[in-house]
Ligand code: RAM
């Protein structure tokens, strides 16, 4: 449909929904048939990323639009750039991207926006000038605090710990690690010693190798914190299989981590945190629909409905990088008391 006609119809629909006092159902009034919504995930074979895509697809298809999922072979910007370019040629209406590099996708995403394509990031961010807004799974400081507290608690407040991250260019991982370090500047944490931040690139084998290297380099290591689902499950297996006294915490999928969660010597991970990755995808889809029907532009202060999601309607807030973001909710703790309830859910 010609963009001007679509905009006029949309404005009419928005005025009518406002007149009838039915503002929160603006999306239901929009016709998304013929529209194409795409999501670029971080890498193939990453179960967390696949769950994000599944949630995104569910909402987009229920709205009557087409959903295109692109997964790069590796968790790198180089693998994501050609996917963005191909989506531009396919004339999609929206690109949602879980970025592998905060800076390196800027030119490609700006090309998309120049073509009138709406761009939002989810999970791991891009710079503000390369997006309309960012769907953030949880507040950065809350995640940093939860992880710092977990390392403190599990280590008994003293000794060596290491971080096993995804890639060194990963915006989400880096912001959580920074927030942990900031929290740990407090006196309370003065007896904890961060010996190394190592990178498994969200590849199971590389994450396994990095865990083994940490164990041989630091015989006095007490805790590994892995704020990536791929890293934590690889590390959990290495530690548990080797009956290592080193303990683990971080961000993990209950479905992958249930056999490692426990308070005793037989389990490597006393507890960990996460949120529902399908909900990250669903909220990204509702954001995408609202951007495409132009009921929001991505500015701080705007709000939009998100179906039957828990905190709907969501409001766009300021992100630390100067752009805007939408926060899904707080991180959730998984421990021996609740892991069985969650392991079959996600
Ligand atoms: C990994 C990815 C993702 C991150 C989760 C917690 O699957 O790195 O970006 O948000 O872990």
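The values are calculated or read from the model by the stated rules, or taken from the named source; none is laboratory data. Bear in mind that the values here come from a model prediction, so they are computed numbers and not experimental data. Glycine gets a Cβ as well: all are built from the backbone with ideal geometry, and neighbour counts include every protein chain shown.
Comparison of 7, 53, 62, 77 shows that the only residue that is at pLDDT below 95 and in the same structural domain as residue 284 (by TED's automatic domain parsing) is 7.
Would the range 170-181 turn up any residue that is outside the structural domain of residue 230 (by TED's automatic domain parsing), crowded, with 17+ Cβ neighbours inside 10 Å and part of a helix (DSSP H, G or I)? Before the answer, list the steps.
Let us first name the residues in the range 170-181 that are outside the structural domain of residue 230 (by TED's automatic domain parsing), namely none.
No.
Conditions (1) in a loop (DSSP other than H, G, I, E, B); (2) more than 16 Å from the ligand (Cβ to nearest atom), marked per residue:
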| position | (1), (2) |
| --- | --- |
| 280 | no, no |
| 283 | no, no |
| 286 | no, yes |
| 294 | yes, yes |
| 301 | yes, yes |
| 306 | yes, yes |
| 312 | yes, yes |
| 322 | yes, yes |
| 326 | no, no |
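Here the condition is being touching a helix residue (DSSP H, G or I) at 6+ places or on another chain (Cβ under 7 Å), at pLDDT 95 or above and within 14 Å of the ligand (Cβ to nearest atom); of 148, 166, 162, 138, it holds for 166 alone. Right, residue 18: at negative phi, at pLDDT below 95 and surrounded by 21 or more Cβ atoms within 10 Å (Cβ to Cβ) or not? Judged against the criteria, residue 18 is not a match. Each residue in the range 106-125 was checked for being within 16 Å of the ligand (Cβ to nearest atom) and in contact with a strand residue (DSSP E or B) (Cβ under 7 Å, 6 or more places away or on another chain), and 4 of them qualify.
For residue 102, are the conditions met, namely being more than 22 Å from residue 296 (Cα to Cα) and either surrounded by fewer than 20 Cβ atoms within 10 Å (Cβ to Cβ) or modelled with pLDDT of 95 or more (or both)? Explain how you work it out, then say what you get.
Working: more than 22 Å from residue 296 (Cα to Cα): yes; either surrounded by fewer than 20 Cβ atoms within 10 Å (Cβ to Cβ) or modelled with pLDDT of 95 or more (or both): yes.
Spelling it out, residue 102 is indeed more than 22 Å from residue 296 (Cα to Cα) and either surrounded by fewer than 20 Cβ atoms within 10 Å (Cβ to Cβ) or modelled with pLDDT of 95 or more (or both).
Set side by side, the residues 294, 310 differ, and just one is touching a helix residue (DSSP H, G or I) at 6+ places or on another chain (Cβ under 9 Å) and either modelled with pLDDT under 95 or not assigned by TED's automatic domain parsing to the domain that holds residue 134 (or both), which is 310.
Of all residues in the range 67-105, those satisfying the criterion of being out of contact with any strand residue (DSSP E or B) (no Cβ under 8 Å at 6 or more places or on another chain) and within 14 Å of the ligand (Cβ to nearest atom) are 74, 75, 76, 77, 100, 101, 102.
Would you confirm, using the coordinates I've provided, whether residue 240 is buried (at least 24 other Cβ atoms within 10 Å of the Cβ), more than 30 Å from residue 130 (Cα to Cα) and touching a residue at least 24 places away in the same chain (Cβ under 8 Å)? Don't jump to the end; show me each part of the working.
Working: buried (at least 24 other Cβ atoms within 10 Å of the Cβ): no; more than 30 Å from residue 130 (Cα to Cα): yes; touching a residue at least 24 places away in the same chain (Cβ under 8 Å): yes.
Judged against the criteria, residue 240 is not a match.
Which of the strands (runs of 3 or more DSSP E) found entirely inside the range 27-139 contain at least 1 residues meeting this: without any contact (Cβ under 8 Å) to a residue 40 or more places away in the chain? Where strands (runs of 3 or more DSSP E) fall fully within the range 27-139 and carry at least 1 residues being without any contact (Cβ under 8 Å) to a residue 40 or more places away in the chain, they are 66-70, 118-122.
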